[in-house]
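Accompanying notes for the structure given below.
The values are calculated or read from the model by the stated rules, or taken from the named source; none is laboratory data. Predicted, not measured: the structure shown is a model, and the values here were computed from it. Glycine gets a Cβ as well: all are built from the backbone with ideal geometry, and neighbour counts include every protein chain shown. These accessible areas exclude ligands, DNA and RNA; they are computed on the full protein's heavy atoms, side chains included. Shrake-Rupley method; radii C 1.70, N 1.55, O 1.52, S 1.80 Å.
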Amino acid sequence: MDNRQLSAIAEAYGTPCFVFDEESLAARMHAVQAIVGDSVHLCYSIKANPFLIPAMRRLVGTLEVCSPGELEICMHLGIDPDTILFSGVNKTREDVQRAMDCGVTRFTCESPLHIRLIDEAARARGRVYPVLVRLTAGSQFGMDEQDLLAAIGHRAQTPGIRIEGIHFFSGTQRKKLDGQRKELAMLRELMARLHDAHGFDVQRIEYGPGLYYPYFAHEDASDTLSPLRELAPDLQALAKDCELTIEMGRFFASECGTYLTRVVDTKVNCGTAYAIVDGGIHHVNYLGGNMGMRVPRIAHIPGPAHANGLAQDWVLCGSLCTTADVLVRRIAFEGLCPGDLLAFASIGAYAVTESPALFLSRDMPRVLLHSAQGDTLARDVIHTSTLNQPQKEI
């Protein structure tokens, strides 16, 4: 989207707001599929941005949900439950039963407890459910290899589930591909051991490569798909031995989002120029926290009262009463003044859900979806004061 379109959206819907470009998303996903080829399947982890579910269900084969709430969003949107993989570290008996009642047929098992819960619920329904057992990468996610081998070795004792393969994910924003290549080699070696020791053939692997996306102005963003292009031959090699699905959220979705916020005040304090915007860190989130000294790509769109001036350095601050609400500690703009629009690029993943939206009871912003058919209001302003106030005494 160009500055003219973004300015028109800001005028029509106000600021702050998120704009997610479904056309840009579709173009990226088609490019992703072309790079990896038809032998590699795609899964979108909806925690990255649930507002992209309607577009993503036309672009990928699987949607991964990691909580009961995410499952309810999918049900509300009429998502085919056969396309859902129910994942997450905290699955209760009620969660598993609810998912099965919704028609979900595929689950991950992140612990021996999950194996028992899914097996019990499946047998109570007289059915067999396919599952992927998640191997830990050394964190709280997944299970130790010893437990994974035990689950496969004793699979006859859990007749309600059919272990089809492995789920593996070790992290996000990984610049060097040596780690991913070692992981893919490890998975191939594990497949061979499972065949030799347990007579078990891995049918499916869901793998999260955690590829890097360049968010900041100092980074080269001329070809943001280059990490996938480099890793594609290794993925295709594994796909010859099993059904391979790559699961990502950030890498798929980041590029399609823009956050629009207006400058509401400017001042100079102790020799430092500050610009206050009507948004803040309760909306803007690139890497699980504010960016500090890192500068994201920001377009400055002058407002009607804009006055030409020399470029000078600004500290961009939001609307929260905390010194932590610093969006950028140093960025140069020419003639920045109240009413000017700032468009933060590449914010299609996580910011809309991961930021501290309830802090200070500021409003949650509108969410717009842009497509060839025009702009659609996906979520109106939410007044968080209603969520933060105690119930009245009766």
field: Any hit, segment 223-237, residues being without any contact (Cβ under 8 Å) to a residue 24 or more places away in the chain and farther than 12 Å from Val36 by Cβ
entry: yes
- prompt: Within segment 100-109, is there a residue that is under 25 Å from the mean Cα position of the chain (by Cα), assigned to a strand (DSSP E or B) and basic (Lys, Arg)?
  reply: yes
- request: Scan segment 72-82 for residues that are farther than 20 Å from Ile246 by Cα and either in contact with a helix residue (DSSP H, G or I) (Cβ under 6 Å, 6 or more places away or on another chain) or hydroxyl-bearing (Ser, Thr, Tyr) (or both) and jot them down.
  value: Ile73, Met75, Leu77
- request: Taking the residues in segment 281-309 that are among the small types (Gly, Ala, Ser) and at pLDDT below 95 as candidates, determine which candidate is surrounded by the most Cβ atoms within 10 Å (Cβ to Cβ).
  value: Gly303
field: Of all residues in segment 310-331 being open to solvent by 60 Å² or more (accessible area, probe 1.4 Å) and not polar (S, T, N, Q), the one that is farthest from the chain's Cα centre (by Cα)
entry: Leu310
- request: Would you tally the residues in segment 192-216 being out of contact with any Cys (no Cβ under 7 Å at 6 or more places or on another chain) and under 16 Å from Ala239 (Cα atoms)?
  value: 5
message: Between Thr136, Thr108, Thr92, which is in contact with a Ser or Thr (Cβ under 8 Å, 6 or more places away or on another chain) and among the β-branched types (Val, Ile, Thr)?
response: Thr108
- request: Can you give me the number of residues within segment 2-51 that are basic (Lys, Arg) and surrounded by fewer than 20 Cβ atoms within 10 Å (Cβ to Cβ)?
  value: 2
query: Looking at Ala343, Ala349, which one is within 26 Å of Arg250 (Cβ to Cβ), in contact (Cβ under 8 Å) with a residue 60 or more places away in the chain and either open to solvent by 20 Å² or more (accessible area, probe 1.4 Å) or outside any loop (DSSP other than H, G, I, E, B) (or both)?
result: Ala343
Residue selected from segment 366-394 under the condition of a type in the set (Gly, Ala, Ser) and touching an Asp or Glu at 6+ places or on another chain (Cβ under 9 Å), by the criterion least open to solvent (accessible area, probe 1.4 Å): Ser371
task: With respect to Leu113, determine if the residue is surrounded by fewer than 22 Cβ atoms within 10 Å (Cβ to Cβ) and free of Cβ contacts under 8 Å to residues at least 60 places away in the same chain.
output: yes
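Yes/no matrix, rows are residues, columns are (1) closer than 25 Å to Leu52 by Cβ; (2) of a type in the set (Val, Ile, Thr):
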position: Ser222; (1), (2): yes, no
position: Pro227; (1), (2): yes, no
position: Pro233; (1), (2): no, no
position: Glu247; (1), (2): yes, no
position: Thr258; (1), (2): yes, yes
position: Val284; (1), (2): yes, yes
position: Val295; (1), (2): no, yes
position: Pro302; (1), (2): no, no
- prompt: Can you tell me which residue in segment 151-174 is farthest from Ala237 (Cα to Cα), limited to those that are in contact with a strand residue (DSSP E or B) (Cβ under 9 Å, 6 or more places away or on another chain) and open to solvent by 30 Å² or more (accessible area, probe 1.4 Å)?
  reply: Arg155
field: Which numbered condition Asn285 misses (of (1) free of Cβ contacts under 8 Å to residues at least 40 places away in the same chain; (2) part of a loop (DSSP other than H, G, I, E, B))
entry: (1)
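Select from segment 195-204 the residues that are open to solvent by less than 60 Å² (accessible area, probe 1.4 Å), of a type outside the set (Lys, Arg) and out of contact with any helix residue (DSSP H, G or I) (no Cβ under 6 Å at 6 or more places or on another chain) and list them in ascending order.
Gly199
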field: Residue check for Gly69: farther than 27 Å from Leu244 by Cβ and either modelled with pLDDT of 95 or more or open to solvent by 10 Å² or more (accessible area, probe 1.4 Å) (or both)
entry: yes
